[in-house]
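Have a look at the structure below, then the notes.
Only the coordinates and a few stated rules stand behind these numbers; no lab work does. All values derive from a computational prediction rather than experimental measurement. So basically every Cβ, Gly included, is an ideal-geometry build from the backbone, and we count neighbours across all protein chains shown.
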Amino acid sequence: MERSCEEIREMLVDYADGQLLPSDSKKVAEHLAECEHCRKMLDALQRSLELAEVVWEDGLAETKEIRAPIPGKAKKIYWFRYAAVAASILLVLTTSIVWRRLVKPTRKELTFAEIERKITESASAARLLAAAELLAEFPDAQSIVKEQFRYIVETYPETAAAAKAKSKIQ
């Protein structure tokens, strides 16, 4: 390529847009008549501009910023930012896991026999409560009824019948 090709290449974009001074435009036109390489470059540039116009008209150019990489200039990646974020996430996860292990009480799973025992106790307490409530209808049996309520509260403290009996004692 000659020296004038380099000068023309710098003016091709403005020439394709029609923004050159008439004297410069004439110089570019004369060069294009003689140089096939520059004509091909202008043709490719015009196709690119046409494609950009189509994209613009289709509404696909609504992005705020389109950046084309500049040859020889690499984008600076701040890897330490990513490392700091990753370290923070790792720290939070580790702290969370350790905290759960230390603070979380170990939950004892109930066996079938324990579940059956709780059901039996609840049923017995409910039967005793029902019997005590029937006895409460008789005025002479009030001392026996209160004693029965106390027995339910003491013997079956974790049942719903014990809670009900406790409220009746008070």
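One table, with the values for the structure above:
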quantity: Per-residue Cβ neighbour rank within 10 angstrom, fewest leading, Leu45, Leu129, Leu134; calculated: Leu134, Leu45, Leu129
quantity: Rg over Rh [alpha-carbon atoms, Kirkwood Rh] for segment 112-169; calculated: 1.04
